[in-house]
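Take a look at the structure below.
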Amino acid sequence: MHILTSTTALLAIPGAAAQLNQLAKAAGKLYFGSATDNNELSDSAYVKILKDSNMFGQITPGNGQKWQYTESSQGSFSYDSGDEIVNFAKTNNQIVRCHTLVWYSQLPSWVSDGSWSTSQLTSVVNTHIANEVGHYKGKCYSWDVVNEALNEDGTYRDNVFYKVLGESYIPLAFKVAAAADSSAKLYYNDYNIEGTGSKQAAAAKIVKLVKDAGAKIDGVGMQAHLIVGSIPSQSSLESAIKSYLSAGATEVAYTELDIRFSSLPASDSGLKQQADDYTTVTKACLANKACVGITIWDYTDKYSWIPSVFNGAGAALLWDENLKQKPAYTAVSSVLKAAATKSAVSDTATVTTLSTAIKPTATADACAVAKYGQCGGKGFSGCTACAAGASCAATNDYYSQCV
Ligand code: 9MR
């Protein structure tokens, strides 16, 4: 039997106009959040929505805390960009997922191109993390300590850290972060680990690696940069979550959720599919108490990173470029609301308890990509089977489509 937490018990069933964070909390989550970036904070219409803690209870700085900005030259630290976002969140009563400490990308060349001995690079990693986590001590709900350490096949990325230190750079980073702020939740964060597969299995192994080294790791962040019509099934999403808990994590989160169209403009049926896909991810988080929250990677298509990286793709978020809510917003809001209502009225309901949640279950992962959806390509780890009437054809090395 589920005993309601005091927070849940005190919350009334949210009214019709309730917003995402209110609903997520009433459904037993810690937050519903958004990433943002410094240049966006001068857009007053955008800020009006972002700063509303009923809508977003959590903020992630999209760039400002990355190594490139915080220690652009060795030993010289600057936190202006990160501070602006962290202060914004504090002013608006929002918690912060801090992002990110050790990542091969947005890494200054003095680190990536250096010729380091083991002890030199250990000291560089140590200094960077101790300084940055120390600076933000007490201000971060969580830290993405290591970001994107894995290739799609589950092997380690051959970045400078791995080249010099081997996999031991991962537990090292967690040890230093824990020493600098013992109360921040420490996460391993990656993409294409939301559903079951080689990369997900390798991410679960990272949890074990860190724990076996005697270091603290609390969570796995599933970035969830997904594609409309080809997301993992709900059972695959739920199994992945369970695998991280089983490996020793105590919580998980969707940390950078966006679900993009591979080509634009989106049709009405495409927007409906996107709404369904957002529903599936939200339900997977709701299905497990250890999933603490969902963060979308900015809330509006106006400021999404996608069009600059995937040519012709986009429209991945819950608000369109004119800050108008899309069908996917309504879908997420409805599914949270249904869970909130259930949570408020069922103080004796049986829900998945942590002890049952950590037992992994094997699930057959049947999937089918709709016609014109992506079914393969370098770096793609989604479903590779096409729905009846279509077959998967390579457009180029990076993109195969159901046609
Ligand atoms: O949103 C970020 C974008 O503004 C940057 O240009 C980009 C550079 O790689 O990083 C984006 O955020 C990434 C995040 O830090 C880690 N996961 C993937 C995100 C999208 O690229």
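Inside region 90-111, residues that are under 16 Å from ALA173 (Cβ atoms) and not in a loop (DSSP other than H, G, I, E, B) make up a count of 6.
Can you go through LYS302, LYS242 and tell me which one is at pLDDT 95 or above and more than 21 Å from PRO61 (Cα to Cα)?
When all the criteria are applied, what remains is LYS242.
Conditions tested, residue by residue: (1) in contact with a Leu (Cβ under 9 Å, 6 or more places away or on another chain); (2) crowded, with 19+ Cβ neighbours inside 10 Å.
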residue: LYS29; (1), (2): yes, yes
residue: SER44; (1), (2): no, no
residue: LYS51; (1), (2): no, no
residue: HIS99; (1), (2): no, yes
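Taking the criterion of being of a type in the set (Ser, Thr, Tyr) and out of contact with any helix residue (DSSP H, G or I) (no Cβ under 9 Å at 6 or more places or on another chain), the residues of region 268-304 that qualify are SER269, THR295, SER304. The set of residues in region 118-159 being within 15 Å of the ligand (Cβ to nearest atom) and part of a strand (DSSP E or B) consists of SER142, TRP143, ASP144, VAL145, VAL146, ASN147, LEU150.
Just for region 94-117: of the residues that are of a type in the set (Ser, Thr, Tyr) and within 16 Å of the ligand (Cβ to nearest atom), which one is nearest to GLY134 (Cα to Cα)?
Checking each candidate, the answer is THR100.
Any residue that is within 16 Å of the ligand (Cβ to nearest atom), in a helix (DSSP H, G or I) and either of a type in the set (A, V, I, L, M) or over 19 Å from GLY229 (Cα atoms) (or both) - is there at least one of those in region 309-321? Scanning region 309-321 turns up at least one residue that is within 16 Å of the ligand (Cβ to nearest atom), in a helix (DSSP H, G or I) and either of a type in the set (A, V, I, L, M) or over 19 Å from GLY229 (Cα atoms) (or both).
When ALA357 is tested against the conditions (1) more than 16 Å from the ligand (Cβ to nearest atom); (2) surrounded by 16 or more Cβ atoms within 10 Å (Cβ to Cβ); (3) at pLDDT 95 or above, the lone failure is (3). Taking region 257-282 as the search range and keeping residues that are crowded, with 18+ Cβ neighbours inside 10 Å and among the acidic types (Asp, Glu), which one is farthest from the chain's Cα centre (by Cα)? Per the stated criteria, the residue is ASP277. Annotation note: of LYS216, LYS199, the sole residue that is in contact with an Asp or Glu (Cβ under 9 Å, 6 or more places away or on another chain), surrounded by fewer than 23 Cβ atoms within 10 Å (Cβ to Cβ) and under 28 Å from TYR169 (Cα atoms) is LYS199.
The residue list THR60, THR91, THR70 contains one member that is within 30 Å of SER42 (Cα to Cα), within 16 Å of the ligand (Cβ to nearest atom), of a type outside the set (Phe, Trp, Tyr) and touching a Lys or Arg at 6+ places or on another chain (Cβ under 9 Å), which is THR60. Exactly one residue out of LEU172, LEU226, LEU165, LEU186 is crowded, with 24+ Cβ neighbours inside 10 Å and touching a Leu at 6+ places or on another chain (Cβ under 8 Å): that is LEU226.
When region 117-137 is filtered for residues that are more than 15 Å from GLN65 (Cβ to Cβ) and surrounded by fewer than 17 Cβ atoms within 10 Å (Cβ to Cβ), the ones remaining, listed by number, are SER117, THR118, SER119, GLN120, SER123, ASN126, THR127.
The values are calculated or read from the model by the stated rules, or taken from the named source; none is laboratory data. As the structure is a computational prediction, the values presented were derived from the model and not from experiment. FYI the Cβ positions are ideal-geometry reconstructions off the backbone, even for glycines, and counts take in every protein chain you see.
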